[in-house]
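The values are calculated or read from the model by the stated rules, or taken from the named source; none is laboratory data. Keep in mind that this is a model prediction, so the values were computed, not measured. Methodologically, a virtual Cβ is constructed for each residue, glycine included, from the backbone with ideal geometry; neighbour enumeration extends over all protein chains shown.
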Amino acid sequence: MVDVSNHKLVPDHTVLDAEELEDVLEEYNIRETDLPKIKRADPALPDDAEIGDVIKITRDSRTTDQAVVYRLVVE
């Protein structure tokens, strides 16, 4: 079986800890449930990601070097 999370075209996926999550929610003035969703079954997720976690996805960008997005892990 191929581990797609290690593929060079898959952006970095990182589970946020409670402090980082609080900072993000405060910065954007939102709740966790306002975030876009990502399914737990997504093969790009880290193995330690659980339902209810928030994932930070860092993609390469032509205009800003890196683009950061956040996703809430759902069933």
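Overview of results
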read-out: Filter result (outside any helix (DSSP H, G or I) and within 11 Å of Val54 (Cα to Cα)) within region 1-30; value: His13, Thr14, Val15, Leu16, Asp17
read-out: Among (1) in contact with a strand residue (DSSP E or B) (Cβ under 6 Å, 6 or more places away or on another chain); (2) assigned to a loop (DSSP other than H, G, I, E, B); (3) surrounded by 14 or more Cβ atoms within 10 Å (Cβ to Cβ), the one test that Lys56 misses; value: (2)
read-out: Test: Ala41 is of a type in the set (Gly, Ala, Ser) and either closer than 18 Å to Val68 by Cα or at pLDDT 95 or above (or both); value: no
read-out: Qualifying residue in region 12-29 (condition: surrounded by fewer than 10 Cβ atoms within 10 Å (Cβ to Cβ), among the hydroxyl-bearing types (Ser, Thr, Tyr) and either free of Cβ contacts under 8 Å to residues at least 12 places away in the same chain or closer than 15 Å to Glu75 by Cβ (or both)); value: no
